[in-house]
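Here's the structure, in structure tokens; my notes come after.
Just so it is clear, none of the values below were taken in a lab; they were calculated from the coordinates. Just so we're clear, the structure is a prediction, and the values are computed from it rather than from any experiment. Quick reminder, even Gly has a Cβ in these numbers, built from the backbone with ideal geometry, and neighbours come from all protein chains shown.
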Amino acid sequence: MMDSVLLIEMAAILLVIGALAGVLAGLLGVGGGVVLVPGFYYAFSSLGYETPQLMQICLATSLATIIVTSARSVMSHHKKGAVEWGILKIWAPGIVLGAIAGKMTVSALNTTVLQYIFGGLLVFIGLYMTFGNKDFRVANELPKGLKGRVFSPFVGFLSVLMGIGGGSFGVPLLTMFGVPVHRAVATAAGFGFIIAVPSVAGFLMTSLPEGVAPPFSIGAVNIAAFLVVIAMTTFTAPIGAAIAHKTDAGKLKKFFGMFLILIALNMLRKAILS
């Protein structure tokens, strides 16, 4: 029989994580994965599930939430006519291939290695949010033909390695090639769905040793965490969006970028000490 105290503790922690992820998503327009993955890691490890497979579970569960959040987001942007469906169509095959390769890579690595990867890439994202120049351009439009698709597998691959949607890598790439930022954000929401569906399908079929996953897990996806986070973000994202309209978004993003760097450095610290 499952320990009722453990289940209550798990539910309470997940409610807080989901609420925070929703507020930050609405406040800063960032995907919840950069918050959910470390949140899941600290929650599950504090409950006694600090195993070599823990980061796989955190990444897989975060990606599962992205299926729902990115679908909602891209349809909302579509109603405003902001989604570049042509880019999505061209990039989709490469993103899927990258996502599948990312899932296979994650399944082959242990928690410590995945912590190093997550922490290192999160430092890069934090530095971009803090110091990046959104007006920087490589060209005025995306290259045609094969050159225009060369980045798509990397977006899928790196996003799965971090358990995040396509925004953190897709938005900077698209804006560097002349796509207006609001259309880049809308289109990258579609990247998240394309990344998450094939990778989560694979993670659901992942076979883990008995006892390494928290209660209510299927494969490497914790269904309880998925449901709680989806429910909480539905309620708290509008709160973040309302706050965003009353604050300086530029300063908030710089502050959050520095916050991400601290999270990344702590993740790297734990990897070094493990």
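Below, the figures for the structure above:
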{"item": "Using alpha-carbon coordinates, inclination of helix 4-28 to the longest axis of the chain, degrees", "result": "10 degrees"}
{"item": "Unsatisfied cross-links (Cα-Cα over 31 Å) in the set 89/134; 246/270; 80/147; 80/246; 80/253; 144/246", "result": "246/270; 144/246"}
{"item": "Long-range tail of P(r) for the chain (Cα pairs > 28 Å, %)", "result": "31 percent"}
{"item": "Rg and Dmax of region 71-157, Cα atoms only, in Å", "result": "15.9, 43"}
{"item": "At most 15 other Cβ within 10 Å, DSSP loop - trypsin sites (Lys or Arg not before Pro), region 204-274", "result": "246"}
{"item": "3J(HN,Hα) from dihedral phi, region 153-168, Karplus parametrisation 6.51/-1.76/1.60, rounded to Hz, x for glycine, proline", "result": "x, 5, 4, x, 5, 5, 5, 5, 4, 10, x, 10, x, x, x, 4"}
{"item": "Order by protection proxy (mean Cβ within 10 Å, highest first), peptides 145-153, 192-200", "result": "192-200, 145-153"}
{"item": "Integer Hz, Karplus 6.51/-1.76/1.60 couplings in order for region 201-215, x for Gly and Pro", "result": "4, x, 5, 5, 9, 5, 9, 10, x, 4, x, 8, 9, x, x"}
{"item": "Rg/Rh ratio calculated on Cα atoms of region 218-271 (Kirkwood radius)", "result": "1.12"}
